[in-house]
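Colleague: Here you go, one structure.
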Amino acid sequence: MDVRDSYDSAAKAYAEHLSSELERKPLDRHLLNRFAEALRGRGPVADLGCGPGHVAGYLHERGVTVIGIDLSSEMIACAANLNPGLEFRIGDMRALDFPGGSLAGAVAFYGIVHFSAAELGKVMVELRRVLATGGLVLTAFHIGDQVVHVDDLFGARVNLDFVFHPPGVVIEALRSARFTVVEHCEREPYEGVEYQSRRCYLLARAD
Ligand SMILES: C[S@@+](CC[C@H](N)C(=O)[O-])C[C@H]1O[C@@H](n2cnc3c(N)ncnc32)[C@H](O)[C@@H]1O
């Protein structure tokens, strides 16, 4: 069972548990509001590893033209069902189906959590290829240097390795791919709301 199969298996349960999580995550809303303000009216923005599409939906409600991309067809089906009228496509962030320089921005909330540090570098190069110069990327991930293996996600059978990243590793992957990190936020986990890990958010500009 690989990452795609795992999220196909967990898609419905994941959507039930997490599709309204932004209501309980004030810092995430704050950063997405700021991101939406910067990108509204500037062109299409991709939500990479969009899962059930709640981040895409939140940005759409704030006037951003957003397209959700996910490896899992079941996740894409859930996202389309929960966010009628929004565009969602099956896709792989390691080889994006967008022309070079065609996106004003991209958001990847926990979309990079299954990539090793080595894969992260290639993913950021691909992301830089599709972004227009001056475009923005906002990413969120778990801080650490461990890999947490999960066989059960909200009651669904999966085979997933969640890769925690030291912020410096993600910053270096962004820098090497010709991004400049312009904002860097970290926070403690929200108790009773989410997995108890520290979180990092990076906003980077494509140079
Ligand atoms: C931890 S979930 C995050 C979902 C959502 N962004 C959120 O914040 O809840 C990771 C998502 O990334 C997707 N994913 C994993 N690898 C991917 C890849 N190479 N390309 C596109 N999506 C991928 C998975 O299918 C899954 O929906």
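Derivation of every value follows stated rules applied to the coordinates shown; laboratory data play no part. These numbers come from a predicted model, not from an experiment. We place every Cβ from the backbone using ideal geometry, glycine too, and count neighbours over all the protein chains shown.
Colleague: Relative contact order of the chain: what whole-number percent is it, with Cα pairs under 8 angstrom and at least 6 residues apart?
Modeller: With pairs under 8 Å counted, the relative contact order is 20 percent.
Colleague: What dipole magnitude, in Debye to the nearest 20, does segment 36-104 give about its Cα centre under +1 on Lys/Arg Cβ and -1 on Asp/Glu Cβ?
Modeller: 200
Colleague: Taking the Cα centre of segment 89-207 as origin and charging only Cβ (+1 Lys, Arg; -1 Asp, Glu), how large is the dipole, in debye to the nearest 20?
Modeller: The calculated dipole for segment 89-207 is roughly 480 debye.
Colleague: In debye, nearest 20, what is the charge dipole magnitude of segment 30-146 about its Cα centre with +1 on Lys and Arg Cβ and -1 on Asp and Glu Cβ, if you could check?
Modeller: 380
Colleague: Rounded, prolate or oblate: pick one for the chain, where a ≥ b ≥ c are the square roots of the eigenvalues of its C-alpha gyration tensor, a/c under 1.5 means rounded, and failing that, prolate if a/b is larger than b/c, else oblate.
Modeller: rounded
Colleague: How would you rank Tyr7, Tyr190, going from fewest to most other Cβ atoms within 10 Å of each one's own Cβ?
Modeller: Ascending Cβ contact count within 10 Å gives the list Tyr190, Tyr7.
Colleague: Please name whichever of Gly91, Ile112, Leu59 sits farthest to the positive end of the charge dipole of segment 12-128, dipole taken about the Cα centre and charges placed at Cβ: Lys and Arg +1, Asp and Glu -1.
Modeller: With unit charges placed on the Cβ atoms, the residue in question is Leu59.
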